[in-house]
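S.K.: There's a structure below that I have some questions on.
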Amino acid sequence: MPKLNTLQDIYIEELRDLYNMETQLTKALPRISKAVSNSELRQAMENHLQETENQVDRLEQVFEMAGQKVRGKKCTAMEGILEEARELISMDINDNALDAAIIGAAQKVEHYEIASYGTVRTWARQLGFNDQADLLEETLEEEKAANEKLNQIAMEIVNEEAEQGESNFEMASDGFDSHRSRNGRSKK
Ligand SMILES: [Fe+2]
């Protein structure tokens with residue numbers, strides 16, 4: 001790998017990471033949304049797949065504006081997050097709990113993307129590439145909105161339904177102070 005000297009070099013490198021991240025997602029999202037039971041959640045995932053395809057195009061525009069070839073660089077973090085999502089889907093989980101778990105996995109994706117786009121947007125501004133920064137910010141806003149939508153669905157429907165299944169874990173029903181150990185001493 002060539003030596004990266006400047007913020008501009010790091011910026012291009014991070015764009016490549018993002019490009020790979022988004023293309024991984026366009027491949028993974030259809031399979032994840034197929035595993036969803038709740039129709040509102042499935043719709044949100046399908047909408048986000050379309051958005052993700054636009055985000056790939058937007059990144060291609062950013063590369064072009066930066067005078068760079070469109071190229072990705074394997075994003076191992078996204079690979080790991082998606083691998084965990086695949087594991088979830090292959091587990092024997094009841095529909096509502098699986099939906100809740102898929103929302104959790106999807107929010108990990110969104111948070112990672114929000115962090116990455118926030119960073120490259122800021123770097124683009126610092127470097128004076130305002131047109132590129134504007135495009136990156138557009139995607140950043142979409143990722144934030146997708147995350148909010150997942151929050152809303154989780155609150156309204158899925159988490160409530162997931163509570164109705166019978167748990168394999170015996171939970172303390174009341175009065176357990178998580179700041180204290182069993183012998184009553186504070187763990188602080
Ligand atoms: Fe995205």
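The values are calculated or read from the model by the stated rules, or taken from the named source; none is laboratory data. These numbers were taken from a predicted model, which means no experiment stands behind them. Methodologically, a virtual Cβ is constructed for each residue, glycine included, from the backbone with ideal geometry; neighbour enumeration extends over all protein chains shown.
S.K.: Between residues in segment 139-152 that are crowded, with 19+ Cβ neighbours inside 10 Å and residues that are of a type in the set (Val, Ile, Thr), which pairs lie under 7 Å by C-beta distance while being six or more apart or on different chains?
M.R.: Once the first residue is crowded, with 19+ Cβ neighbours inside 10 Å and sits in segment 139-152, its partners that are of a type in the set (Val, Ile, Thr) give Leu140/Ile114; Glu143/Ile114; Leu150/Ile103.
S.K.: Is it fair to say Ser33 is assigned to a helix (DSSP H, G or I), of a type in the set (Ser, Thr, Tyr) and modelled with pLDDT under 95? Can you show your working first?
M.R.: Values: assigned to a helix (DSSP H, G or I): yes; of a type in the set (Ser, Thr, Tyr): yes; modelled with pLDDT under 95: yes.
Yes; evaluated as a whole, the condition is true for this residue.
S.K.: I've got another one for you. Please work out if Ile81 is assigned to a helix (DSSP H, G or I), away from the ligand (no atom under 16 Å from the Cβ), touching a Lys or Arg at 6+ places or on another chain (Cβ under 9 Å) and free of Cβ contacts under 8 Å to residues at least 60 places away in the same chain.
M.R.: no
S.K.: Cβ-Cβ under 7 Å, sequence separation 6+ or interchain: first residue in segment 107-130 and within 17 Å of Cys75 (Cα to Cα) and within 14 Å of the ligand (Cβ to nearest atom), partner of a type in the set (Ser, Thr, Tyr) and modelled with pLDDT of 95 or more. Which pairs?
M.R.: Here the result reads Tyr117/Thr139; Val120/Tyr11, each pair linking segment 107-130 to a residue that is of a type in the set (Ser, Thr, Tyr) and modelled with pLDDT of 95 or more.
S.K.: For segment 68-83, how many residues are of a type in the set (D, E, K, R), within 16 Å of Gln24 (Cα to Cα) and surrounded by fewer than 13 Cβ atoms within 10 Å (Cβ to Cβ)? Can you show your working first?
M.R.: Initial filter on segment 68-83 (of a type in the set (D, E, K, R)): 69, 71, 73-74, 79, 83.
This time we only want the ones that are within 16 Å of Gln24 (Cα to Cα), so: 71, 73-74, 79, 83.
Then drop every residue that is not surrounded by fewer than 13 Cβ atoms within 10 Å (Cβ to Cβ), which leaves 71, 74, 83.
Selection size over segment 68-83: 3.
S.K.: Let me ask something additional. State which residue is surrounded by the fewest Cβ atoms within 10 Å (Cβ to Cβ) when the search covers only segment 41-67 and only residues that are away from the ligand (no atom under 16 Å from the Cβ) and under 18 Å from the mean Cα position of the chain (by Cα).
M.R.: Gln43
S.K.: Name the pairs: first residue in segment 22-33 and closer than 10 Å to Val109 by Cβ, second residue within 14 Å of the ligand (Cβ to nearest atom) and of a type outside the set (A, V, I, L, M, F, W, C), Cβ to Cβ under 8 Å, at least 6 apart or on different chains?
M.R.: Pairs found: Leu25/Thr52; Leu29/His48; Leu29/Thr52.
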